[in-house]
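Report on one structure; see the data block that follows.
The values are calculated or read from the model by the stated rules, or taken from the named source; none is laboratory data. It should be emphasised that the depicted structure is a prediction, and the values quoted were computed from it without experimental measurement. Note that we place each Cβ from the backbone using ideal geometry, even for glycine, and neighbour counts take in every protein chain shown.
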Amino acid sequence: MNTDSKKIKISPIKKGTVIDHIRKGQALKVVKILGIMEQDIDSVVSIAMNVDSSSGRKDIVKVEGRELIHEELDKISLISPEVTVNIIDDYKVRDKHRVKPPKMVKGIVRCKNTTCITNQKEPVEPEFEVTQGKPVTIKCLYCEREMRGEEISENLR
Ligand code: CTP
Ligand code: ZN
């Protein structure tokens, strides 16, 4: 096998979005965020896990035929802030940007504190301040509980 065929694990796409440099092991969480497992979507989705990159191993998710919405990008930024989002058109990378955790996180994460006012019968919409970028840390505005890492990904709404 020559080096080229070793390198190419999943095919380039014609049009759509490549979510690259996903922290290794997080690809399926990205897939879940995109709602791919729940919906009968038409897009072709490719997932590569644990592939070589310049700085170790990474995961990649490719979604054909669509771009991501703001809420999806915010969620991805919370679980894997090193991600780059590549917009592909006619096989070319038309746009490349990093995701950036927002300053405030509203509605997309549940507070891990079960007695928090945001988890009661008539719930208040959960809202957090992003207090740290590495690792991403969020703090509930109501009970001041801090969450990071798995706690965030397990509590995505
Ligand atoms: N890609 C793709 N289909 C295309 C073009 C690119 O799936 N038609 C993928 C590449 O495989 C890569 C990502 O989109 O995973 C970004 O492509 P490119 O910018 O060409 O790669 P790099 O320069 O390696 O990106 P970076 O510098 O962000 O690591
Ligand atoms: Zn709370």
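Structure above, values below:
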| quantity | calculated |
| --- | --- |
| Wholly enclosed strands (runs of 3 or more DSSP E) of the stretch 55-157 bearing at least 3 residues within 16 Å of ligand 2 (Cβ to nearest atom) | 104-106, 127-133, 136-140, 146-148 |
| Residue check, Glu144 modelled with pLDDT under 95 and surrounded by fewer than 13 Cβ atoms within 10 Å (Cβ to Cβ) | no |
| Residues of the stretch 52-72 satisfying the condition of being buried (at least 16 other Cβ atoms within 10 Å of the Cβ), in contact with a strand residue (DSSP E or B) (Cβ under 7 Å, 6 or more places away or on another chain) and within 25 Å of Gly133 (Cβ to Cβ) | Lys58, Asp59, Ile60, Val61, Leu68 |
| Filtered residues of the stretch 25-74 (kept if within 25 Å of Arg157 (Cβ to Cβ), of a type in the set (D, E, K, R) and in contact with a Lys or Arg (Cβ under 6 Å, 6 or more places away or on another chain)) | Asp59 |
| For Leu34: the one exception among (1) touching a Ser or Thr at 6+ places or on another chain (Cβ under 7 Å); (2) modelled with pLDDT under 95 | (1) |
| The listed residue being aliphatic (A, V, I, L, M) and modelled with pLDDT of 95 or more, out of Ile88, Ile79, Ile69 | Ile88 |
| Pair list, Cβ < 9 Å and 6+ apart or interchain, from the stretch 79-97 residues that are more than 15 Å from Leu34 (Cα to Cα) to residues that are within 16 Å of ligand 2 (Cβ to nearest atom) | none |
| Residue count for the stretch 27-51, restricted to those that are surrounded by 20 or more Cβ atoms within 10 Å (Cβ to Cβ) and either within 23 Å of Met104 (Cα to Cα) or more than 13 Å from the chain's Cα centre (by Cα) (or both) | 4 |
| Cross-chain or 6+ apart pairs with Cβ under 9 Å, the stretch 111-132 first and within 28 Å of Lys100 (Cβ to Cβ), then part of a loop (DSSP other than H, G, I, E, B) and small (Gly, Ala, Ser) | Glu125/Gly107; Pro126/Gly107; Glu127/Gly107 |
| Qualifying residue in the stretch 131-147 (condition: touching a strand residue (DSSP E or B) at 6+ places or on another chain (Cβ under 6 Å), more than 12 Å from ligand 1 (Cβ to nearest atom) and among the small types (Gly, Ala, Ser)) | no |
| Residue check for Pro101: more than 16 Å from ligand 1 (Cβ to nearest atom) and more than 13 Å from the chain's Cα centre (by Cα) | no |
